[in-house]
Structure formats: structure tokens, C-alpha cells
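> Let me give you the structure first, and then I'll get to my questions.
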Amino acid sequence: MYLDKTGIRRSFAAASVTYDSVALLQRTVGKELLHSVDTTKLTGTLLDLGCGTGFLTGELLEHASHETTIALDIALSMLQTTQSKLADKCNIIYVCADAERLPLAGQSIDGVYSNLALQWCRNLEAVFTGIKRVLKPDGQLVFSTFGPQTLHELKGAWAAVDHYNHVNAFYSEAQLKHFLQQAGFKNCQIKSKLYTSRYDSVWTLMQELKHLGAHHVIANRNKKITTKAAMQQMIAAYEKHRISDKIPATFEVISVIAKV
């Protein structure tokens with residue numbers, strides 16, 4: 001899967017102001033992610049990988065009695081938003097870096113946590129290899145990411161218009177497990193859950209994706225400007241999914257707990 005890393009950085013940097021207003025799913029998934037682990041064992045140095053505007057970082061600070069939290073994100077403005085929100089908190093290190101090239105010492109981290117961020121990485125095997133390198137021998141990786149059923153309604157609607165990729169492709173449970181095993185993780189617990197969000201219109205959904213920064217990030221998408229006619233055709237195809245007065249959007253969330 002090839003993603004435009006520069007586009008990703010720009011999209012999320014631009015969304016740093018609007019992200020929190022539409023990130024209900026991200027907050028819900030983040031809370032469930034931490035509920036899946038024994039928070040009394042969150043000790044030492046923890047890394048929030050792809051921290052965004054700092055929701056999971058804040059949750060880690062609330063639930064854990066650890067020494068240090070590292071908040072890392074590829075978009076500087078996202079990191080600055082996190083720093084502003086958590087200005088009254090101590091023992092937080094802010095790092096602007098790419099998850100595929102972690103600038104951290106080997107075996108320096110007790111736990112890596114990531115909430116709906118790793119789907120924007122081009123090379124997950126490299127990401128997992130880097131995470132394993134920085135984890136201590138008894139450390140663990142806990143993360144959530146989007147699965148292949150995510151936005152299948154939107155994908156299907158665009159497929160009725162043309163053959164270009166308008167929606168990101170997401171890795172399956174089997175692919176994630178393979179990447180983790182290739183990186184050296186032996187104990188992996190993986191589960192999938194479907195969430196359905198409902199919107200007044202297709203435009204409302206697309207506006208939310210824009211506010212989240214989750215738009216225009218596919219490198220091989222159609223380089224031409226989408227015409228008004230094509231957009232109307234896509235919306236008409238999507239409207240077939242409307243139930244009562246709302247249109248649904250499916251999000252498949254895959255949650256993983258992996259140990260070395």
C-alpha cells in the first residue's frame with residue numbers, strides 16, 4: 001500500500017484545529033483500547049505513537065502511574081495542540097517524527113500505544129520492526145487501526161462512478177498478524193469490531209473526514225479534479241444506503257495487543 005506521506009502530514013497539520021470537534025469515534029476507540037489492558041501495569045516509559053491532539057496521551061496520564069510519557073506525531077501542529085492541552089502535566093516528552101523512523105534508543109520503552117494512527121503508515125512491517133527495537137524485553141504494543149470494511153459504502157458509491165481509488169485501502173487482521181510476526185512479535189491478540197456512524201448527508205460525512213485530516217491521502221488517486229457530475233453520481237449511489245433520514249458509514253476497527 002503506497003500512501004503520500006507529504007500529503008498525510010499536510011492533511012493532519014491542517015486538521016489540528018478542527019480534529020477534536022469530530023473525533024467522537026477516535027475517543028470511543030481510545031477508551032476501549034485502554035480498557036482492554038491492565039492499567040495498573042502501565043509503568044516506566046510509555047509512547048503514544050501518532051498522538052494527534054493528545055486524547056490517548058491524556059488518558060494514559062490519567063490511568064497510569066508511569067514515569068514518562070512520550071507523545072509522538074508526524075504533524076508538528078498536532079503535537080503543538082497536544083502540548084497546549086496538556087500544559088499542566090509533567091513528565092511528557094514531545095517528539096515530531098515519522099512512526100516508520102522512530103528516533104528512540106533501543107529497549108528504552110516499556111509500552112507503545114497507538115490509537116487509529118498506524119493506518120496512515122506506508123510500511124507497517126518497518127513500523128513494527130522499529131517498535132520492537134525500542135521496546136524493552138517485557139514490553140508490549142497496544143494499538144487500534146482501521147480494517148478493510150471501513151467506509152465500504154463510500155467505496156462502493158465511487159465504484160459506480162469510476163475505477164480510481166477514492167478511499168484508502170486498509171490492512172486485514174491476517175495481514176497485520178503477518179507483519180507483526182515478521183517483526184518478531186510472538187504473542188498477538190487481535191480482534192475486530194464494526195462501528196456505524198450516521199450522517200444527515202454524504203456531504204456531512206465528507207466534511208467530517210476533512211476535519212479529521214483523513215482525506216486526499218492516496219498517492220495513486222485520480223489526479224484530475226472530480227467533476228460536479230461525478231460527485232452527484234457518487235452521492236446518488238450512496239443515497240441507496242439511506243435508512244430513514246440518515247446515511248450510514250461503517251468503520252471497522254481492529255485492536256491488537258502484541259508482546260515480544
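> Select from the range 78-89 the residues that are surrounded by 18 or more Cβ atoms within 10 Å (Cβ to Cβ) and either of a type in the set (A, V, I, L, M) or farther than 21 Å from Leu61 by Cβ (or both) and list them in ascending order. Walk me through how you get there before you give the answer.
Taking the range 78-89 as the starting set, the residues that turn out to be surrounded by 18 or more Cβ atoms within 10 Å (Cβ to Cβ) are 78-79, 81-82, 86.
Within the range 78-89, Met78, Leu79, Leu86 qualify.
> In the range 1-54, how many are at pLDDT below 85, in a helix (DSSP H, G or I) and either under 21 Å from Leu151 (Cα atoms) or not β-branched (Val, Ile, Thr) (or both)?
Looking only at that region, the number is 16.
> Okay, next question. Can you work out which of the residues in the range 132-170 that are in contact with a Pro (Cβ under 8 Å, 6 or more places away or on another chain) and crowded, with 17+ Cβ neighbours inside 10 Å is nearest to Ala117 (Cα to Cα)?
By that ranking, first place goes to Phe170.
> With the requirement that a residue be without any contact (Cβ under 8 Å) to a residue 40 or more places away in the chain, of a type in the set (S, T, N, Q) and part of a loop (DSSP other than H, G, I, E, B), what does the range 79-127 give you?
Asn91, Gln107, Asn123
> Ok, one more. What do you reckon, is Val217 at pLDDT below 90 and either surrounded by 14 or more Cβ atoms within 10 Å (Cβ to Cβ) or on the phi > 0 side of the Ramachandran plot (or both)? Let's see the steps before the verdict.
Working: at pLDDT below 90: yes; either surrounded by 14 or more Cβ atoms within 10 Å (Cβ to Cβ) or on the phi > 0 side of the Ramachandran plot (or both): yes.
Considered against the rule, which asks whether it is at pLDDT below 90 and either surrounded by 14 or more Cβ atoms within 10 Å (Cβ to Cβ) or on the phi > 0 side of the Ramachandran plot (or both), Val217 comes out as yes.
> Among the residues of the range 90-120, count how many are under 16 Å from Ser65 (Cα atoms), of a type outside the set (A, V, I, L, M, F, W, C) and surrounded by 15 or more Cβ atoms within 10 Å (Cβ to Cβ).
Residues flagged as under 16 Å from Ser65 (Cα atoms), of a type outside the set (A, V, I, L, M, F, W, C) and surrounded by 15 or more Cβ atoms within 10 Å (Cβ to Cβ) within the range 90-120 amount to 3.
The values are calculated or read from the model by the stated rules, or taken from the named source; none is laboratory data. Keep in mind that this is a model prediction, so the values were computed, not measured. Cβ coordinates were reconstructed from backbone atoms using ideal geometry, including for glycine residues, and neighbour counts include every protein chain displayed.
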